[in-house]
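I have placed the structure first, in the form of structure tokens, so that the comments after it can refer back to it.
The values are calculated or read from the model by the stated rules, or taken from the named source; none is laboratory data. Given the structure is predicted, the values throughout are model-derived calculations rather than measurements. Positions of Cβ are generated from backbone atoms using ideal geometry, with glycine treated the same way; all protein chains shown enter the neighbour counts.
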Amino acid sequence: MLMPSVSQAASSCKPGTAPAFSITTSVAEPRFDYSLSQKAMENFKGNAQVSAESIYDLTVNAMSTGKITVKNNLKYVTQSTDDKQVCIQVSQVNIDIHIDPVIFIATELRDDACEYKEYLLHELKHVEEDKKLIEDYKAVIERNMAFAFPNVSDYSVGPVPASITKDARKKLEDNVEGALEATIGSMLRERTARQRAIDSTGEYMRLSLACGEGGAGVKPELRKKS
């Protein structure tokens, strides 16, 4: 059932102001996992704990994962009309973006201080870039959400019977989530580009030479040939 918006309704609904947007971001302290060997890392395709979608850097020596969680919470203002109907408007949208990074370091590197340090520092670059990304996107999200809801009718419904208040709120929530989903999709695409930029040919060349040619970071089959 389509519910009338404020713009369609009689003057019994008083137009309010545009909703306020509050965007918070956070990145957990990286957790570390040393359970995978170089061979296991090379063949890793994801599992129940680490989905393929969350992996954004994978080599035979290290892997970075960062699960992104986006939550939103809406607050409403409800007006009662003279004929006992209600007008419902979104007054505030709270958006929280959280990243939970996990860094895997191959078992073979645990006893090689130089290789361990270099690959750890490399993976931490990925974590720092994620922090920058979601901080940068605060302004983008706020701008895009304001663009998506330019009119009172975009964040209001009513007058409607009080009995369908729950359905009316769900309609408004779906509108907000639809606009937010598009922006988060754009953020994830930019995340991929930013993370790939860290894994440049020059960076991998630097890693391969940082600790000499015979270090633990060189795959065993290649060390045997040298």
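Restricted to segment 103-117, and to residues there that are part of a helix (DSSP H, G or I), surrounded by fewer than 21 Cβ atoms within 10 Å (Cβ to Cβ) and in contact (Cβ under 8 Å) with a residue 12 or more places away in the chain, the residue that is nearest to the chain's Cα centre (by Cα) is Thr107. Tell me whether segment 149-157 contains one or more residues that are aliphatic (A, V, I, L, M), farther than 18 Å from Ser64 by Cβ, touching a helix residue (DSSP H, G or I) at 6+ places or on another chain (Cβ under 8 Å) and assigned to a helix (DSSP H, G or I). Yes, because at least one residue in segment 149-157 is aliphatic (A, V, I, L, M), farther than 18 Å from Ser64 by Cβ, touching a helix residue (DSSP H, G or I) at 6+ places or on another chain (Cβ under 8 Å) and assigned to a helix (DSSP H, G or I). For segment 38-58, does any single residue satisfy the condition of being surrounded by fewer than 16 Cβ atoms within 10 Å (Cβ to Cβ), in a strand (DSSP E or B), modelled with pLDDT under 90 and not basic (Lys, Arg)? No, every residue in segment 38-58 fails to be surrounded by fewer than 16 Cβ atoms within 10 Å (Cβ to Cβ), in a strand (DSSP E or B), modelled with pLDDT under 90 and not basic (Lys, Arg). When Leu121 is tested against the conditions (1) surrounded by fewer than 22 Cβ atoms within 10 Å (Cβ to Cβ); (2) over 15 Å from Leu207 (Cβ atoms), the lone failure is (2). Number of residues in segment 65-120 that are closer than 30 Å to Glu142 by Cβ and charged (D, E, K, R) equals 5.
In segment 124-171, which residue that is more than 24 Å from the chain's Cα centre (by Cα) and either at positive phi or of a type in the set (Gly, Ala, Ser) (or both) is surrounded by the most Cβ atoms within 10 Å (Cβ to Cβ)? Out of the qualifying residues, it is Ser156.
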